[in-house]
1. For residue 302, state whether it is more than 30 Å from residue 361 (Cα to Cα) and in contact with a helix residue (DSSP H, G or I) (Cβ under 7 Å, 6 or more places away or on another chain).
2. Does the range 132-147 contain at least one residue that is surrounded by fewer than 24 Cβ atoms within 10 Å (Cβ to Cβ), under 21 Å from residue 236 (Cα atoms) and of a type in the set (Val, Ile, Thr)?
3. Looking at the structure I just gave you, is residue 190 surrounded by fewer than 19 Cβ atoms within 10 Å (Cβ to Cβ) and under 28 Å from residue 446 (Cα atoms)?
4. Any idea which of (1) buried (at least 24 other Cβ atoms within 10 Å of the Cβ); (2) in contact (Cβ under 8 Å) with a residue 40 or more places away in the chain; (3) under 24 Å from residue 204 (Cβ atoms) is the one residue 451 doesn't satisfy?
5. Can you give me the number of residues within the range 413-450 that are hydroxyl-bearing (Ser, Thr, Tyr) and at pLDDT 90 or above?
6. Within the group 262, 277, which residue is of a type in the set (D, E, K, R), modelled with pLDDT of 75 or more and under 24 Å from residue 444 (Cα atoms)?
7. Looking at (1) closer than 30 Å to residue 112 by Cβ; (2) at pLDDT 85 or above, can you tell me which one residue 177 breaks?
8. Taking residue 494, is it modelled with pLDDT under 85, more than 16 Å from the chain's Cα centre (by Cα) and surrounded by 23 or more Cβ atoms within 10 Å (Cβ to Cβ)?
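The values are calculated or read from the model by the stated rules, or taken from the named source; none is laboratory data. Note that this is a predicted model, so its numbers are computed, not measured. Positions of Cβ are backbone-derived with ideal geometry, glycine not excepted, and every protein chain shown enters the neighbour counts.
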Amino acid sequence: MSAAAPAPPARTGWASLKDLSGYQWFVFIVCCLAWDMDCLDQQLFVLARRPAMTELVARVTPDDPRLPEFSQRLVEKAAQDGKPPLSEEAARAAARTALQNADIADASTYATSFFMLGWAIGGIGFGILGDRKGRVKTLMLTILLYAVFTGLSALSSTTLEFHAYRFLTGLGVGGVFAAAVTLLADTMPPNARPIVLGLFQASSVLGNCTAALLAMWFGSLQEAGAFTGQSLFGFPLSPWRVMFLVGIIPGFLVVLIQLKLKEPEKWKQAMAAGGAKAAGSYSELLGDPKWRPRALGGLVLALAGVIGLWGIAFFSPDLQSYVAEPTYKKQAQELKLEGAEGPLDKPFPKDSQADKYVVGQKAYWSGITSLVQNTGAFFGIFAFSILTGYIGRRPTFALFLVLAALSTALVFMFLNSWSDIMWMVPMMGFFQLALFGGYAIYFPELFPTRLRSTGTSFCYNVGRLIAAVGPFALGKLASVTYAHLPAPEPLRYAGLTMCSIFILGLLVLPFLPETKDKPLPE
């Protein structure tokens, strides 16, 4: 009797997608939609943050107590640089502009830090909930939470209200990643899991690019005066308010999840086998010598990427606005727009034709900056997903961490023109966002079913909790340490200083396991 023919080798890479059932494809699509809309919310915030703070931050008044000291510093700096001496009036005018920009930058970084703080706290809490009560229930609750509070952000009348709404939005945003990733990891065939998780993370670019296109469209409408004289519940209608209203749309996805999605069998079996008692247990995650090094190492690895992205790279639209503002003002003067008279180092009268033109151009080119950054990200995540299947998780992370640091430093030091945006920013997006494709693949492979959501969330969201200081640190470096430099140099040097964070990821890699071609731990 002849021996049975050996089973054919399992398909890998793109070919492994042929092994997915119809329901597995449905789970993949729903998880991608949830994550895409989550990323849409994130990018709407990134693009609307500075316009919102520009409108909500209090104006620097002529009797501001900071003016005398700051004016004197500008006079001394002009003398040191061999420039013509500044008159007292010119120095105070320049100081008011500089302080206003610093206050807006501070408020923007605070908003980002509060958002990330909520993201981290929500992610930790919902990570536990995902292991104890189920991936699907958690996913549904997190979507509803971030959709509601994104919409309410549009009604902010003060920076305090805006920061509070962003914190509450962050609670929901933080829970989506771990819930969706663990749902996919538990549902997909083992051979298809890496490529599916890579595709899941790559799909986030659709949400990011949609936000960029909306910003460009609203910027064009602003420039055309479409929002002039319009109001929203008593507030002046601004593009940033409309952008946050768009964030309500993901709430409708909850209905689809409620009707069609089921908890994965792997999770049900783990709960039936007694895993419910240990599910979502931080005492086991951090107390067991097998899981603790993975949790702490994954946290540090995530910390490097999250601070690099949210503390540096996602301020590239702000850098673009600083760099290009003189050009926009000069164009307004060449077009002889109303309000464009006077020196270029002073702001145009609010709501004048010239002011609308400058604001519209900033919004439009911020959208372009985000769009090309996320285009690079799309290909970077694909590249990471494919390369890690050949050389392993740790070598791929090491390569992309080094290149992320170099490309980010390049952008913040040398971005000076629109042509620079078109090649520098996509390259930064390619290497920076690729790391997040790695997180989606790697973190679920580190933990057993009963701890998979908790462990993934711990790495990604406790890292984000600590990383909430990143935007704050960038803001303080720009508004305090390098404040004496002319714009946009403070933001340039702050970003360059922050690039050292990528070294953390490199240092922790030797202490983490290689999971390529290994089954999920149980």
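1. It is true that residue 302 is more than 30 Å from residue 361 (Cα to Cα) and in contact with a helix residue (DSSP H, G or I) (Cβ under 7 Å, 6 or more places away or on another chain).
2. no
3. Details: surrounded by fewer than 19 Cβ atoms within 10 Å (Cβ to Cβ): yes; under 28 Å from residue 446 (Cα atoms): yes.
Yes, satisfied.
4. Result: residue 451 fails condition (3) only.
5. Start the filter on the range 413-450 by keeping residues that are hydroxyl-bearing (Ser, Thr, Tyr), which leaves 417, 419, 439, 442, 449.
Subsequent filtering for residues that are at pLDDT 90 or above retains 439, 442.
Selection size over the range 413-450: 2.
6. Working: 277 fails: modelled with pLDDT of 75 or more.
Residue meeting the stated conditions: 262.
7. The single condition residue 177 does not satisfy is (2).
8. So residue 494 passes the test.
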